[in-house]
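In what follows, a structure is listed as structure tokens, so that the remarks can point back to it.
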Amino acid sequence: MDTVFVLVSSLPLIFCTHFALTIANNLEFSSIQPTRLVTKLIHRDSIVSPYYRSNDTVADRTERTMKASLARLSYLYAKIERDFDINDLWLNLHPSASEPLFLVNFSMGQPPVPQLAIMDTGSSLLWIQCAPCKSCSQQIIGPMFDPSISSTYDSLSCKNIICRYAPSGECDSSSQCVYNQTYVEGLPSVGVIATEQLIFGSSDEGTNAVNNVLFGCSHRNGNYKDRRFTGVFGLGSGITSVVNQMGSKFSYCIGNIADPDYSYNQLVLSEGVNMEGYSTPLAVVDGHYQVILEGISVGETRLVIDPSAFKRTGKERRVIIDSGTAPTWLAENEYRALEREVRNLLDRFLTPFMRASFLCYKGKVGQDLVGFPAVTFHFAEGADLVVDTESMFYQATPNIFCMAVRQASVYGKDFKDFSVIGLMAQQYYNVAYDLNKHKLFFQRIDCELLDE
């Protein structure tokens, strides 16, 4: 049986769950956490998003998405392949390096100040811009959060044990815990670790407030060119992550990425997360969530892939499941097997051609791919991620569609054995993480049907 390891960025799982109670005890958090927090995710191209461009065509949106995904791919590879020291664990993708796919909408403080932060499973700190701010972007989304005005803000003492788990956490002259979130490229986010009230909207137009949430109040963050986001909502499993503060579970459900008007994309936090559907063991290797991929099928055909494709010199093969890239990137052997089967099915009816290293055809997904078999990623213990035609292909222009899977090594031989399963493959799934039980769940569902 072929075996490959699939990873999702974060910090060591066993280490983090061991210290989850430390956060609760030191922040008095456990007594006030809600059983279930649901917030809608804002699609980048939605009319309510600051990234919305009224004149954009489908091709324009697709090109931006693929460009952003390439930046994400390069970041993930660089983060995994470098030799880590303790500070390197906090290296993440610079927020303005590419446009996000989804944004988390919430408010902070009393009185509440609206925030629109980038959803990121690859980092473990929630941070927002705070006044006063040196070299900070002039936000176009409401006022900047001012901690001196909020009645619920409280800075964290550097004597608190949690300070040592903040990115480069140390004392300032006022004995506050200060952090320095460095990035693979660009200037860092620097500020004070503090606690504050977070407010999420609910489906009945009410609100859910959570007190004493640990976050980074950024007073210097590099004056990002992209001024449309207010911070980063880190969903990694690090000690400072919102996930650990609210229990040990979170999930996201994404509909059709090509439809910016789909309004049921959502993020769920706390112990009330739906843990249903297929489950597969979850572990952490080199700071990344790890599951085991045992094979790929197209319809009833199990792809024949050389077992050596799943091994690397000195370490197991890495395949990342990521929330920040849209297409799926496969290592050379896996991609060739998949492309060969796709072409066996389509080339007799349609003419293939390469477009920016994507396999493409002239036609329309909704018309020319009727009856095309589903592609299935088989994970350990029988967990299957079934990818239908809407997730396997995308409409690049009105008359051209392409496979939403790309060979990673077209960007260099260093990517030969590198793979990332992107968000398009996770469309119409509730993907749930249980860090305590070390399980990852795939529930096939229209997000509209999930109970709040």
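The values are calculated or read from the model by the stated rules, or taken from the named source; none is laboratory data. Only a predicted model underlies this, so the values are computations on that prediction, with no experimental measurement involved. Please note: Cβ atoms are built from the backbone with ideal geometry, for glycine as well, and neighbour counts cover all protein chains shown. All accessible areas refer to the heavy atoms of the entire protein, side chains included, with ligands and DNA or RNA removed. Shrake-Rupley method; radii C 1.70, N 1.55, O 1.52, S 1.80 Å.
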Leaving ligands, DNA and RNA out of it, work out the accessible area of Met246 with a 1.4 Å probe and give it in Å² to the nearest 10.
0
Taking θ = phi - 60°, what integer Hz values does the Karplus form 6.51 cos²θ - 1.76 cosθ + 1.60 yield along segment 432-437, in sequence order, with x for Gly and Pro?
10, 10, 10, 6, 6, 8
Quick query: amide H of Trp127 versus all other amide H atoms, modeled in the peptide plane; which residues come in under 5 Å with a sequence gap of 5 or more or a different chain?
Gly216, Val232, Gly234
Apply the Karplus curve 6.51 cos²θ - 1.76 cosθ + 1.60, θ = phi - 60°, to the phi angles in segment 319-328 and return the couplings in whole Hz, x for Gly and Pro.
10, 9, 9, 10, 9, x, 10, 7, x, 9
How would Ser46, Ser174 rank on accessible area, largest to smallest, probe 1.4 Å?
Ser174, Ser46
In what sequence, largest accessible area first, do Lys439, Lys40 appear using a 1.4 Å probe?
Lys40, Lys439
Starting from the Cα of Thr57, step 7 Å toward the Cβ, then list every residue of segment 391-422 with an amide N under 16 Å from that point.
395-402
